[in-house]
Each structure stands twice: as C-alpha cells, then as structure tokens.
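The values are calculated or read from the model by the stated rules, or taken from the named source; none is laboratory data. No experiment lies behind these values; they were computed from the predicted model shown. Note that each Cβ is placed from the backbone with ideal geometry, even for glycine, and that neighbours are counted across all protein chains shown. Side chains are part of the model used for accessible areas, which takes the heavy atoms of the whole protein and leaves out ligands, DNA and RNA. Shrake-Rupley method; radii C 1.70, N 1.55, O 1.52, S 1.80 Å.
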Amino acid sequence: TPIVCDTATAVITVPPTIDAVNDTATVIPGTPSAPVTGNDTINGGTQAIPGVNVVLSPVSVIPGLTLNTTTGSISVATGTLPGVYNFVYQICTVTATPIVCDTATAVITVPPTIVAILDPTVTINGGVGGTLPSVLINDTVSGIVLTPSTYNTVTLTQVGNYPKGVSLDTTPGPNFGTIIVAPGTPPGTYTIEYQICTVSPN
C-alpha cells in the first residue's frame with residue numbers, strides 16, 4: 001500500500017513462411033527448364049518470384065547445369081552426359097528480418113541427344129554391286145560420333161520403300177548400317193532414308 005505499477009512493450013516478430021518444393025524435369029541440352037520456383041510459395045500461398053519477393057541462388061555445383069537466378073530455369077550445356085542430376089537450390093525472403101530461407105531439389109533428367117547426319121554421295125558399279133560403308137559413321141549420340149564399338153547404343157530402321165536392288169543392313173553385327181547394292185541394279189541416283197534411335201538403358 002499503495003499499489004505500484006509499470007508498463008512495458010513486448011515486440012513480437014512473426015517471420016514470413018517460405019516453402020521451396022522439389023521439382024522433376026527432363027531437360028534437353030540447349031533448352032532451359034521451366035522455372036524451379038513455379039511451385040514455391042511464401043506466406044502460405046503467394047507465388048515465389050525471383051527478384052520480386054525471393055532471392056534465388058544455387059546450392060549445388062554440377063558441371064554442365066546452370067541455374068538462372070532471374071528466371072528460375074535450369075539450363076543444360078551441350079555435351080553434358082546423359083543421366084539424372086540432383087540440383088539443390090535455395091530461396092530466401094528479400095526484406096524480412098530475420099531473413100528466412102528454404103531449399104529444394106530439382107531432379108533433372110538429361111536424355112541423350114541423337115543426330116543422324118546426311119551421308120556423302122558414293123558411287124558404285126551397279127552391274128557388279130557392292131557394299132557401302134555404314135550410314136552410322138558420321139552420326140552422333142550426345143555429341144559423340146558413333147563408332148563400331150558404340151553401334152550397340154542405337155537401333156536402326158529403314159524409312160520408306162527402298163529402290164529395287166538397294167537394301168540396308170539393320171541387324172546388329174559387323175555389317176550394321178551398311179548399304180548393299182545388288183548386282184544388276186539399274187544405273188541411277190538413289191536417295192534413301194533411315195532412322196536411328198537411342199537404346200533404352202532399361
């Protein structure tokens with residue numbers, strides 16, 4: 001007696017919430033992925049946008065894979081080996097105190113690239129026939145020229161109807177990809193088409 005009182009202020013800081021969600025994408029070398037932040041949120045549902053309400057940065061360092069911190073896309077350099085890469089990235093709030101961050105993993109599958117290249121014109125005596133070199137000798141898979149030791153990484157099929165007397169060996173083996181001209185094939189210029197596909201690793 002008397003009763004004595006005093007007051008004080010309690011400063012309560014409620015930081016923003018931030019949620020980086022894992023991604024899965026197949027990215028062809030030379031073509032950027034969709035933004036990894038496309039499914040990330042802040043404050044329980046607001047879209048995370050790099051440079052606007054979040055700061056995006058890479059955590060992983062993987063040769064051949066580059067994160068664009070402005071667009072949020074991941075690019076794969078030409079020549080990157082096919083495979084599955086786990087790319088970790090981080091998003092943080094821009095102005096909050098304290099800064100709040102979260103990480104997620106983008107699982108990037110890099111498929112092999114395959115290029116069938118126009119073969120040079122070859123002259124052969126149709127009267128006696130003969131065998132031309134494999135059409136695969138200048139084709140590439142993931143930027144690497146095919147050789148007889150890697151022919152087993154592709155399948156080969158004939159496209160369309162071939163002229164009478166001209167055939168393509170599509171059976172794996174020592175003559176895989178060779179063009180056979182039968183004896184007595186009429187003179188002329190023949191253009192044939194073929195398709196190569198990568199062999200599934202499974």
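For the chain, calculate the relative contact order in percent as a whole number, restricting contacts to Cα pairs under 8 Å that are 6 or more residues apart.
18
Stretched out fully, how many nm does the piece from Val61 to Glu193 gain, at 0.36 nm a residue minus the Cα gap?
43.3 nm
List the cysteines in the chain whose Cβ has no other cysteine Cβ under 4.7 Å from it.
Those would be Cys5, Cys197, since no other cysteine Cβ in the chain comes under 4.7 Å of theirs.
Taking a cut-off of 17 Å, what percent of all Cα-Cα pairs in region 127-179 are separated by more than that?
38
Name the residue farthest towards the positive end of the dipole of the chain from the options Asn138, Pro112, Val11, assuming +1 on Cβ of Lys and Arg, -1 on Cβ of Asp and Glu, about the Cα centre.
Result: Asn138.
Loop only by DSSP, 16 or fewer other Cβ within 10 Å of the Cβ. Give me the chymotrypsin sites (Phe, Trp or Tyr not before Pro) in region 122-202 that pass, ordered by residue number.
Listed in order of number, the matching sites are Tyr190.
Within the accessible area of the chain, what % is carbon and sulfur when the probe is 1.4 Å and the other protein chains stay in place?
59
Here are a few candidate values for Rg and Dmax of the Cα atoms in Å: (1) 29.7, 128; (2) 20.6, 73; (3) 21.3, 73. Which one was actually calculated from the structure I just gave you?
Of the labelled values, this structure produces (1).
Per residue, how much accessible area does the chain have with a 1.4 Å probe, in Å²?
Result: 61 Å² of accessible area for each residue.
Applying the Karplus parametrisation 6.51 cos²θ - 1.76 cosθ + 1.60 with θ = phi - 60° to the phi angles of region 117-126, what ³J(HN,Hα) value in whole Hz is obtained for each residue in order, glycine and proline being reported as x?
Karplus-based 3J(HN,Hα) across region 117-126 equals 9, 4, 8, x, 5, 10, 9, 9, 6, x Hz.
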